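The values are calculated or read from the model by the stated rules, or taken from the named source; none is laboratory data. The structure presented is a predicted model; accordingly, all values stated were derived computationally and were not measured. All Cβ positions, even for glycine, are placed from backbone atoms using ideal geometry, and neighbour counts span all protein chains on display. Heads up: the accessible areas ignore ligands, DNA and RNA and are worked out on the full protein's heavy atoms, side chains in. Shrake-Rupley method; radii C 1.70, N 1.55, O 1.52, S 1.80 Å.
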Amino acid sequence: MTKATRNILLAIVAFLIIVNVVSLLMRRGDDGNAGDAGRITVSDMSVRINGELIPSYGFREMVYIAAQDLRLFGFEVEEDASARSCNITKTDGSYSVNEEYRTRLSNIPDGTAVSFRNYKTFLNGTEIQGYGAGEYIIIPIDTLAGLGSVRQSQSGNTIEFTFGTDEPEKPVGTPSEVSVTPPTVAPAGTDTGPAGLGGKVIVLDPGHGAASDSMSDDEKRASGWVRNESGSWGEWRHWKSGTVWQDCGGSGCSGRAPENGGCWYPIGNGDRDTEPDINLQNCLAAKKYLEELGYTVRLTRTSNDENPSITERIKNCYPNGDTSKTPDALAYVCVHSNAGGGSGSAYIALDGTYDQAGIAAGYANDGNALGKSINDRIVSSTSLGEYSGGRIDGQGSLILFCKSPVICGYLEIGFFDNSSDLAVLKSESDAIGKAIANGINDYFAGT
């Protein structure tokens, strides 16, 4: 073979490789799939929607359905290549069976590869988790609970959804089926008395507590802290994806963490001196006013000698702390004070998709709306101004956000290292507590 011939053949091979790579990239862009996420497994749960048996699939320890199967009930499922999105929409209240799709339901074989999507998936405008599985887009069954007019229940190994009900019904069964319906609450100042809300539960969390070096190993263990293999006390930042009460142990989770951080959160990272009492006094005041409005309030700690882990604190979302039950708290409100140069009050924003089991599709948006409602009251009712436009971004990987089983609001009220803010925090604690209570009430009353 001459040198010229060899060069020609090499050029042809190089050309064919380039063509194949470009073709692959184009196909990848067209179908929206990007990277292997795992494989479909046989689901041990059956799914019925309005009495119709729908194919269901196991993935990441959760139950999924094919988005396209919702067409049976009149949903539209459309991919928008220009916007790189898949939109699942239902704009009317009719959920009668579309016979055209009865014989076109999905049939994804066990072991089918599941792909991450480089298209975003939206259900009636709310972003949800979507994966690619062959020609289908699979979505967690729990996202249907976020549609509003839905009843969800579980019996045996069957999950049942009923669309088009007039009044949503609180689900029954395991924590992974939780969906909270906001109560009808009288606006702040209305004389309803404690019976007005029928004992609706709010968990108030005064952030931080006793310094870690003041706690014995037994006290740390009793407070929910664990010791890792290197001997460090702390807790894991995440549950395993799609679960609650299964610590990730450093893998099998979303992996989201602050810059230069990881899944492990050392106990000493939460040590504070001035802040714990500020947070406690604000929560005690808020508890008083919430109870006047008819709420039942659970505090995650009642003294500055305590310092429970977040894992221990969120047990208050369950009846009598029994995590085998369905959470009965409407919301978890975490109260902190800020430091590091600044002034005023803000809420910390949730950001992106959280994958613990049981939370509604609107978990992040709902938490941000709750946080804003509370902070708006603080700014309008106390001498504290608004910090950072009232919203702190870039901290969406906080442990609470990654582990809470219910909607949560996270407040940074004033700067305790700012003498002016500190004076307000000490002199207006009662007013701050009242603002927290009214802000919570504003959110659930829809005022």
**OP:** For residues that are assigned to a strand (DSSP E or B) and open to solvent by 60 Å² or more (accessible area, probe 1.4 Å), tally how many sit in region 114-145.
**Re:** 3
Subject >> Single condition Gly439 does not satisfy, out of (1) touching a residue at least 60 places away in the same chain (Cβ under 8 Å); (2) part of a helix (DSSP H, G or I); (3) out of contact with any Lys or Arg (no Cβ under 6 Å at 6 or more places or on another chain) >> reply: (3)
Original post:
In region 249-278, what count of residues is obtained for those that are closer than 23 Å to Asp213 by Cβ and modelled with pLDDT of 90 or more?
Top reply: 16
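For residues in region 345-356 being of a type in the set (Gly, Ala, Ser) and surrounded by fewer than 24 Cβ atoms within 10 Å (Cβ to Cβ), which is farthest from Ser309 (Cα to Cα)?
The initial filter retains those residues of region 345-356 that are of a type in the set (Gly, Ala, Ser), namely 345-346, 349, 352.
This time we only want the ones that are surrounded by fewer than 24 Cβ atoms within 10 Å (Cβ to Cβ), so: 349, 352.
Working: Ala349: 21, Gly352: 24 Å.
Only one residue fits best here, namely Gly352.
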**OP:** Could you please tell me which pairs satisfy a Cβ distance under 9 Å, a separation of 6+ or placement on different chains, a first residue in region 280-299 that is farther than 13 Å from Ile440 by Cα, and a second residue that is open to solvent by less than 20 Å² (accessible area, probe 1.4 Å) and of a type in the set (D, E, K, R)?
**Re:** Leu280/Arg301; Leu299/Asp205
**OP:** Those residues that are out of contact with any Gly (no Cβ under 9 Å at 6 or more places or on another chain) and open to solvent by less than 30 Å² (accessible area, probe 1.4 Å), I need them from region 39-54; list them, please.
**Re:** Val47, Ile49, Ile54
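Pick out the one residue from Lys426, Lys372 that is in contact (Cβ under 8 Å) with a residue 60 or more places away in the chain, among the basic types (Lys, Arg) and under 18 Å from Ser343 (Cα atoms).
None of the others qualify; the one that does is Lys426.
Being in a loop (DSSP other than H, G, I, E, B) and either more than 23 Å from Gly394 (Cβ to Cβ) or of a type in the set (Lys, Arg) (or both) narrows it down to one of Asn260, Asn282, Asn304, so name that one. Before the answer, list the steps.
On the way: Asn260 fails: either more than 23 Å from Gly394 (Cβ to Cβ) or of a type in the set (Lys, Arg) (or both); Asn282 fails: in a loop (DSSP other than H, G, I, E, B).
Residue meeting the stated conditions: Asn304.
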Original post:
Do we find that Tyr265 is assigned to a strand (DSSP E or B) and within 21 Å of Asp218 (Cβ to Cβ) in this structure?
Top reply: yes
Original post:
Which condition number in (1) within 27 Å of Met215 (Cα to Cα); (2) of a type outside the set (Lys, Arg); (3) touching a helix residue (DSSP H, G or I) at 6+ places or on another chain (Cβ under 8 Å) is the one that Cys317 fails?
Top reply: (3)
**OP:** Residue by residue through region 99-112, note down the ones that are out of contact with any helix residue (DSSP H, G or I) (no Cβ under 6 Å at 6 or more places or on another chain) and open to solvent by 40 Å² or more (accessible area, probe 1.4 Å).
**Re:** Glu99, Glu100, Arg102, Thr103, Arg104, Asn107, Pro109, Asp110
Subject >> Yes/no for Gly396 being crowded, with 16+ Cβ neighbours inside 10 Å, farther than 25 Å from Gly234 by Cβ and not acidic (Asp, Glu) >> reply: no
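Residues checked against (1) outside any loop (DSSP other than H, G, I, E, B); (2) buried (at least 22 other Cβ atoms within 10 Å of the Cβ):
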{"site": "Pro327", "(1), (2)": "no, yes"}
{"site": "Ala331", "(1), (2)": "yes, yes"}
{"site": "Val335", "(1), (2)": "yes, yes"}
{"site": "Ser343", "(1), (2)": "no, no"}
{"site": "Gly358", "(1), (2)": "no, yes"}
{"site": "Ala361", "(1), (2)": "no, yes"}
{"site": "Asn365", "(1), (2)": "yes, no"}
{"site": "Gly371", "(1), (2)": "yes, yes"}
{"site": "Ile374", "(1), (2)": "yes, yes"}
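Condition check ((1) within 27 Å of Pro140 (Cα to Cα); (2) open to solvent by 60 Å² or more (accessible area, probe 1.4 Å)) across all residues:
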site	(1), (2)
Ser216	no, no
Gly224	no, no
Gly249	yes, no
Cys253	yes, no
Ala257	yes, no
Arg272	no, yes
Leu280	no, no
Ile310	yes, no
Pro319	yes, no
Original post:
Out of Leu384, Leu400, Leu411, which single residue is under 16 Å from Asn279 (Cβ atoms), assigned to a loop (DSSP other than H, G, I, E, B) and in contact with a strand residue (DSSP E or B) (Cβ under 7 Å, 6 or more places away or on another chain)?
Top reply: Leu384
Subject >> Counted residues, region 59-72 - those being at pLDDT below 85 and not charged (D, E, K, R) >> reply: 3
Original post:
Taking the stated definitions as given, is Tyr95 of a type in the set (Phe, Trp, Tyr), in a loop (DSSP other than H, G, I, E, B) and touching a residue at least 12 places away in the same chain (Cβ under 8 Å)?
Top reply: yes
**OP:** Determine if region 62-76 includes at least one residue that is of a type in the set (A, V, I, L, M) and open to solvent by 60 Å² or more (accessible area, probe 1.4 Å).
**Re:** no
